[in-house]
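Before any comments, here is the structure.
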Amino acid sequence: MTHLYLITYIKGSKYSEETFGDYIAPLGDVDGDGFTDFATGWRSEGELWIVGGPDGHLIRVHDFQAEADMSVSNLGDVDGDGFNDYVVGAPSIYGVFVFSGKTGGELYHIDPPDQGFWAFMGRGVAGMGDLDGDGIGDFAASGVFHYFCSGVPGNPERSGWIRFFSGKDGHFLKQLILGPVSHEKSPAGCPFWWLDGGQDVNGDGVGDLLTRGWRTFEVYYPEINLNAKGNTAVFSGRTGTMLWREYPGWQGALMGDMDGDGISEWAHGNDHYFRAGGLLAGRVRIFKGFAGDGERICWSAPNSTGKAASLELDGPISVGNNDLNISIEDGVPGEPAFFFYGPNEVQRPMGSGVLCVSGGIHGLIPIGDPVQLDENGYGTVAVDMTEGQLAHGPAPWKAGLTRIVQAWYSDPASPAGFGLTDAYRITFVP
């Protein structure tokens, strides 16, 4: 076959006896010759090849020995020498490294945190652009608790996190995402297994994240007796709120601005998409970015248990996904609670905390039915955006709408007899 537009063809045997091209990551120009270079290799051999464009010449090899799950991303020039640098995740043992594009030397190394068990840090890395305003690109690294990703059922723990680090020297910036309480918890799954980042999909000027989860969310196709697994989710880089989620299938990418509106699009791929007739046709869908986010506001005071109850968003704020749960954590065990929302934000001391919501002329509107908090003070409600007040109330929940959400809970041992959580300001996405 003749490839009329083929630029470079690199056989694995040119550099290695093992299978070549298990992963590919563009790095920009690392050797200063004016052409884009890339990283590739074979994960199970632990070698990372830095290959030069456009002719495929070998620039260097990094040897991570038996590392099986490397990830690589372009950082831009973090050391000021005029050459692109890159970050490498070597999660099995080593953690995260940042290397000089010019020399290949290690600029710095970040050890995995001590979690009391194996934090598989660096399974995904992603350049995020400048998050801290110092003019140097920063990056994200995911940690997935590898023991729990390997098929151990009944895991009661949260299953992963994403941390952000300074590209300049690797110091910790923030941790926006910790595997949410229920939706991202899986008996055998890693929700933050791969990362893509740096594109702005919600129009706030901050680079956002796309994660691809392995063995999370399962859809069964009875016609062909097949389980398709995995999920792709998009998170706000500013607040950590999940914006969208699609499953099954664990392929996806931030696409950049494809329609000229200044906001990046994002893609989801499902190679097991079922089509009538018993065929796994597969499909790729590209979704439009949209301005929206969920941001924690207000505050809550300690209740009679000594803890301050918090409101948690569990799932995407996408009206189209309609897959959002809202939860109370650290309420009073065994007591009733209910969730409510309104159009306006206030701050009025009340009970154990602050009333953060004003209902306007329509008052405060309930979300779902009251719940009974469990022995840990936890309770959750499924948010059905197609039914009840959310769909048919004064202003149905839809993309672009902003609402303030909060929860009330009984606290008989407190002076006021009740408490309030903090709140979220949510601007919904499609």
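The values are calculated or read from the model by the stated rules, or taken from the named source; none is laboratory data. Treat the numbers as computed from the prediction; the structure is a model and nothing was measured. Here Cβ is always computed from backbone atoms with ideal geometry, including for glycine, and neighbour counts include all displayed protein chains. Quick note on the areas: whole protein, heavy atoms, side chains included, nothing else; ligands and nucleic acids left out. Shrake-Rupley method; radii C 1.70, N 1.55, O 1.52, S 1.80 Å.
Overview of values
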{"quantity": "Residue list for segment 73-102, restricted to those being open to solvent by 20 Å² or more (accessible area, probe 1.4 Å) and either in contact with a Ser or Thr (Cβ under 9 Å, 6 or more places away or on another chain) or assigned to a loop (DSSP other than H, G, I, E, B) (or both)", "calculated": "Asp77, Asp79, Gly80, Asp81, Gly82, Phe83, Asn84, Ser92, Ile93, Tyr94, Lys102"}
{"quantity": "Members of segment 304-319 found to be open to solvent by 40 Å² or more (accessible area, probe 1.4 Å) and either outside any strand (DSSP E or B) or among the polar types (S, T, N, Q) (or both), listed by number", "calculated": "Ser304, Thr305, Gly306, Lys307"}
{"quantity": "Selection status of Thr386, under 26 Å from the mean Cα position of the chain (by Cα), of a type in the set (Ser, Thr, Tyr) and surrounded by 17 or more Cβ atoms within 10 Å (Cβ to Cβ)", "calculated": "no"}
{"quantity": "Residue match in segment 160-172 (condition: surrounded by fewer than 19 Cβ atoms within 10 Å (Cβ to Cβ), within 17 Å of Gly237 (Cβ to Cβ), modelled with pLDDT under 95 and of a type outside the set (Asp, Glu))", "calculated": "yes"}
{"quantity": "Selection status of Gly393, loosely packed, with under 14 Cβ neighbours inside 10 Å, within 23 Å of Asp293 (Cα to Cα) and under 23 Å from the mean Cα position of the chain (by Cα)", "calculated": "no"}
{"quantity": "Residue ID - modelled with the lowest pLDDT, chosen from residues in segment 262-285 that are open to solvent by 90 Å² or more (accessible area, probe 1.4 Å) and under 30 Å from Asp200 (Cβ atoms)", "calculated": "Asp271"}
{"quantity": "Of the criteria (1) in contact with a strand residue (DSSP E or B) (Cβ under 9 Å, 6 or more places away or on another chain); (2) at pLDDT 75 or above, which one Gly56 fails", "calculated": "(1)"}
{"quantity": "Of the criteria (1) open to solvent by 30 Å² or more (accessible area, probe 1.4 Å); (2) touching a residue at least 60 places away in the same chain (Cβ under 8 Å), which one Ala301 fails", "calculated": "(1)"}
{"quantity": "Qualifying residues in segment 188-245 (those that are closer than 17 Å to Pro316 by Cα, in a strand (DSSP E or B) and among the charged types (D, E, K, R)) - the one modelled with the highest pLDDT", "calculated": "Arg245"}
{"quantity": "Check on Gly363, without any contact (Cβ under 8 Å) to a residue 24 or more places away in the chain and open to solvent by less than 50 Å² (accessible area, probe 1.4 Å)", "calculated": "yes"}
{"quantity": "Test set (1) surrounded by 17 or more Cβ atoms within 10 Å (Cβ to Cβ); (2) modelled with pLDDT of 65 or more - His146 fails condition number", "calculated": "(2)"}
{"quantity": "Conditions (1) touching a residue at least 12 places away in the same chain (Cβ under 8 Å); (2) surrounded by fewer than 19 Cβ atoms within 10 Å (Cβ to Cβ); (3) touching a Ser or Thr at 6+ places or on another chain (Cβ under 9 Å): number failed by Arg348", "calculated": "(1)"}
